[in-house]
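Read the structure below first, then the notes.
The values are calculated or read from the model by the stated rules, or taken from the named source; none is laboratory data. Bear in mind that the values here come from a model prediction, so they are computed numbers and not experimental data. Neighbour counts run over all protein chains shown; Cβ positions are idealised from the backbone, glycine included.
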Amino acid sequence: MFIYFHEKTRTFHLQNEKISYIMCVLESGELAQLYFGKRIHDREDFGYLLEGAIRSHSAYPQDGNCGISPEHIKQEYPAFGNGDFRQGAIEILQKNGSRSCRFRYVSHRITAGKPKLSGLPAVYTEEDGEAQTLIVTLEDTVCGAELELLYTLFADEGIITRSARITNRGSEAFHVTRAMSLCLDLPDNEYDWIQFSGSWARERFPVTRKLDIGITQIESLRGHSSHQQNPFVILKRPNTDEVSGEAMGISFVYSGNFRISAQVDPYRVTRILTGINPTWFSWKLEEGESFQTPEAVLVYTDQGLNRLSQIYHRLYRERLTRGVWKNKERPILINNWEATYFDFNEEKLLKIASKAKECGVELFVLDDGWFGARRNDDAGLGDWVAAKELLPEGISGLSGKVEALGMKFGLWIEPEMVNPDSDLYREHPDWCLHVPERTPSLSRQQLVLDFSRPEVVDHIHGMIAKILRESKISYIKWDMNRSITDCYSVAKEPERQGEVYHRYILGVYDLYERLITEFPDILFESCAGGGGRFDAGMLYYAPQAWTSDDTDAMERVRIQYGTSYGYPVVSMGSHVSAVPNHQLGRITPLKTRAEVAYFGTFGYELDLNRLSEEEQEQVREYTEFMKKHRRLIQLGTFYRLQSPFEHNESAWMVVNEDRTEALVGFYRTLSQANIHFSRIRLQGLDPEKTYQINEEGCCYGDELMHAGLVVSDGTSGKTGEGILPPSDFFSRLFLLRAAEKDKPE
Ligand code: GLA
């Protein structure tokens, strides 16, 4: 047992080797938060941590009890309107127009393992001993709402998952207008808040700011988690860096509208709230019905940011990703998008595939443009039938031919969308999200299908499943190329319109679940105009995601570096593309493009026929290299070493489990003349082992970690015979293997 309940003080202590999470039931019946952080001893009474002394001029005690004022205590799941003037976790609109509620403790239960969240993505356990779950039941007797707060503590790591379930036990329907997944009141605000922000083609750049009095908040109101903000935040102490110090992460396992906020009150208490964005959200609960919130994953460590990331990486690789692709090296693919865009036919595709096969590539992926009238992005979305003029024998014919070459076949779909110029739209104009009598906003000439309607999801499922049944398909790239506007479903009554955003994403999850159940061997890669839906929710269905539409190598160093804070290397789709790069026009060496793309799933996004013989030979070598080392890269322990956001030279590395092998990637954006010698201090090695570095020499692990790996080429910007000319966009890999002999020469 590692979840304790002390009867006398009604105190819960969730404790494992790493962390403690403590709360208690107040006399009034409400839940108060006492502590979250590094493991501390258990005791009967932690009441002194409540800090509930009455302050003059601003106390609003409850039930005539002058001992406690809601505004001045750390609460576990507060409602607004009862004297806590901070943002609340829950709000319920009742028949009489009131939004007041107060939840008081009724009972609790502690179970082994972790319950599933029906219809929602969530981390899971494989054996009961891996975790324990506490469910605290509270009620509001006036409106008849029951609230269950779910806490799962993992046995071996500083991980707690949280969610809430609201059930209508009363006799009148009500609307839940806010139901956060996590509320956490921390006793001070000495934190740097790190969010991962950007836009299309520059996703998840870390942005750091000090928490101060007031509200710091990120959110999405785009119907998907978005390029602009990611549902993941880190709070770190000011002195915390990659290798040491306290940090906590809040990761939201959800792909729709979200909000994560930190509100610092005048007494410097910090309230973290995470959940479905309350804007335009409301959910009607009839008698007996329940609403389950998505899950938030809270992680704490006192060992720095790399450790924090590694806890998420492992959890998401092993207890969020499901199916046959979990813990499995990913196929090296070639995707025709940047090679052809919409300009292709079967012959052209097979030429690209054959050359790729010759270069050792394992999977050919046909991107956009293969169906209906989709000869450009004006038409065809919704008509998931192969265009005969391009593919005379359809997808089944083409997939057979690709398999005959000795490669697997993959296909692009964008199932949530419809072009007005499509048969689907002409037949069902009301199947898209739109507000009656208003013209919906088109983006990329497309509208969003109303996935809150089961019949729409069924129809799309029918079309996609048919292709998958008829053809030899090993991989699906599931795209989503516009945000949601005009969020209204003509199939729902007015008072249920607040449900549409969330029902939409439940529809997406449902379609995924049906497809992965029927086709368990298919590898799904999610995509939303690149990295617009790169979130933990998606990883439950699709084990990898297209990280960004920006394939420029130097930009990818930054995008992949930023993404690595919350998500594992094996989840990041990363390809070598052509130069000049299609997004930036930049010309980077082929070697650099490969050495960046290695740190992800690896593949190509160009026509290899257009490369010179010499370059094709290089491609063969790169593909071979990745095949040899992908297990280490994709499933090893990843460390950020030097940030491309702060330095011209950056580095990262991966180490295998027994610390006998490691690979370091070093990147330099611009070359400079006559500069310093660079060393990078490595991490995660065995200090006692000696490592062979490429073919060049040997060093002890402790030398490499403390004195550092010498990464400059020794010329310091000189040019001349026998010296590598300095170049921009330079990269270098260092493969380290524990040497047989125990002493370096
Ligand atoms: C999105 C994706 C690209 C490509 C195009 C096709 O932008 O991110 O990779 O699939 O759509 O239209």
Tally time: how many residues in the stretch 444-466 are surrounded by fewer than 22 Cβ atoms within 10 Å (Cβ to Cβ) and of a type in the set (A, V, I, L, M)? 3
Which ones in the stretch 434-454 are in contact with a helix residue (DSSP H, G or I) (Cβ under 7 Å, 6 or more places away or on another chain) and in contact (Cβ under 8 Å) with a residue 60 or more places away in the chain? L449, F451
Subset of the stretch 410-424 (residues that are more than 12 Å from V456 (Cβ to Cβ) and more than 16 Å from the ligand (Cβ to nearest atom)): P420, D423
Can you tell which of G400, G369, G360 is touching a Ser or Thr at 6+ places or on another chain (Cβ under 9 Å) and within 16 Å of the ligand (Cβ to nearest atom)? G369
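Taking I68 as the residue in question, decide whether it is outside any strand (DSSP E or B), modelled with pLDDT under 95 and over 23 Å from Q217 (Cα atoms). Break it down into steps so the answer makes sense when it comes.
Numbers: outside any strand (DSSP E or B): yes; modelled with pLDDT under 95: yes; over 23 Å from Q217 (Cα atoms): yes.
It is true that I68 is outside any strand (DSSP E or B), modelled with pLDDT under 95 and over 23 Å from Q217 (Cα atoms).
Take residues that are within 30 Å of L235 (Cα to Cα) and at pLDDT 95 or above and tell me which of the strands (runs of 3 or more DSSP E) falling wholly in the stretch 500-612 contain 2 or more. Break it down into steps so the answer makes sense when it comes.
Details: elements: 523-526, 544-546, 575-577, 603-605.
Where strands (runs of 3 or more DSSP E) fall fully within the stretch 500-612 and carry at least 2 residues being within 30 Å of L235 (Cα to Cα) and at pLDDT 95 or above, they are 523-526, 544-546.
Which residue out of I352, I311, I272 is at pLDDT 95 or above and in the same structural domain as Y512 (by TED's automatic domain parsing)?
Numbers: I311 fails: in the same structural domain as Y512 (by TED's automatic domain parsing); I272 fails: in the same structural domain as Y512 (by TED's automatic domain parsing).
Of I352, I311, I272, the one residue that is at pLDDT 95 or above and in the same structural domain as Y512 (by TED's automatic domain parsing) is I352.
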For the stretch 329-343, check the following and say yes or no: at least one residue is at pLDDT 95 or above, under 30 Å from G129 (Cβ atoms), away from the ligand (no atom under 16 Å from the Cβ) and out of contact with any Phe, Trp or Tyr (no Cβ under 9 Å at 6 or more places or on another chain). yes
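Identify, from the list E649, E621, the residue that is among the charged types (D, E, K, R) and closer than 23 Å to S712 by Cα.
E649 is the lone residue from the list that is among the charged types (D, E, K, R) and closer than 23 Å to S712 by Cα.
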Every residue from the stretch 543-559 that is surrounded by 24 or more Cβ atoms within 10 Å (Cβ to Cβ) and either among the aromatic types (F, W, Y) or within 16 Å of the ligand (Cβ to nearest atom) (or both): Q544, A545, W546, T547, S548, T551, D552, R556, I559
Looking at (1) within 16 Å of the ligand (Cβ to nearest atom); (2) assigned to a loop (DSSP other than H, G, I, E, B); (3) more than 24 Å from E470 (Cα to Cα); (4) touching a strand residue (DSSP E or B) at 6+ places or on another chain (Cβ under 8 Å), can you tell me which one V448 breaks? (2)
Residues that are modelled with pLDDT under 95, touching a Pro at 6+ places or on another chain (Cβ under 9 Å) and surrounded by fewer than 16 Cβ atoms within 10 Å (Cβ to Cβ): does the stretch 38-48 have at least one? no
Residue by residue through the stretch 312-321, note down the ones that are among the aliphatic types (A, V, I, L, M) and part of a loop (DSSP other than H, G, I, E, B). L320
For the structure I just gave you, tell me whether D458 is in the same structural domain as D535 (by TED's automatic domain parsing), away from the ligand (no atom under 16 Å from the Cβ), among the charged types (D, E, K, R) and under 23 Å from Q228 (Cα atoms). no
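Determine whether the stretch 365-383 contains at least one residue that is of a type in the set (K, R), surrounded by fewer than 16 Cβ atoms within 10 Å (Cβ to Cβ) and over 23 Å from D549 (Cβ atoms). Steps first, please.
Initially, the stretch 365-383 is screened for residues of a type in the set (K, R), giving 374-375.
Filter again for surrounded by fewer than 16 Cβ atoms within 10 Å (Cβ to Cβ), leaving 375.
Checking the rest, the ones that are also over 23 Å from D549 (Cβ atoms) come to none.
No.
How about the stretch 597-610: which of its residues are more than 12 Å from I633 (Cβ to Cβ) and within 20 Å of the chain's Cα centre (by Cα)?
Hits for the stretch 597-610: nothing passes.
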Would a scan of the stretch 302-311 turn up a residue that is part of a helix (DSSP H, G or I), out of contact with any Lys or Arg (no Cβ under 9 Å at 6 or more places or on another chain) and more than 29 Å from H224 (Cα to Cα)? no
Does at least one position in the stretch 51-64 carry a residue that is assigned to a loop (DSSP other than H, G, I, E, B), surrounded by fewer than 21 Cβ atoms within 10 Å (Cβ to Cβ) and modelled with pLDDT of 95 or more? no
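Given R503, R469, which one is more than 16 Å from the ligand (Cβ to nearest atom), in the same structural domain as D377 (by TED's automatic domain parsing) and out of contact with any Ser or Thr (no Cβ under 7 Å at 6 or more places or on another chain)? Show your work before the answer.
Working: R503 fails: out of contact with any Ser or Thr (no Cβ under 7 Å at 6 or more places or on another chain).
Answer to the check: R469.
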Inside the stretch 506-542, can you point out the residues that are small (G, A, S) and more than 16 Å from the ligand (Cβ to nearest atom)? G507, A536, G537
Can you name the residue in the stretch 637-671 that is part of a strand (DSSP E or B) and touching a Lys or Arg at 6+ places or on another chain (Cβ under 6 Å) and, of all such residues, is farthest from F729 (Cα to Cα)? E661
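For the stretch 372-381, give me each residue that is among the basic types (K, R) and away from the ligand (no atom under 12 Å from the Cβ). I'd like the intermediate steps shown before the answer.
Taking the stretch 372-381 and keeping what is among the basic types (K, R), we get 374-375.
Correct list: R375 only.
Given the criteria closer than 30 Å to L308 by Cβ and assigned to a loop (DSSP other than H, G, I, E, B), does R43 qualify? Break it down stepwise before answering.
Details: closer than 30 Å to L308 by Cβ: yes; assigned to a loop (DSSP other than H, G, I, E, B): yes.
For R43, the condition - closer than 30 Å to L308 by Cβ and assigned to a loop (DSSP other than H, G, I, E, B) - is met.
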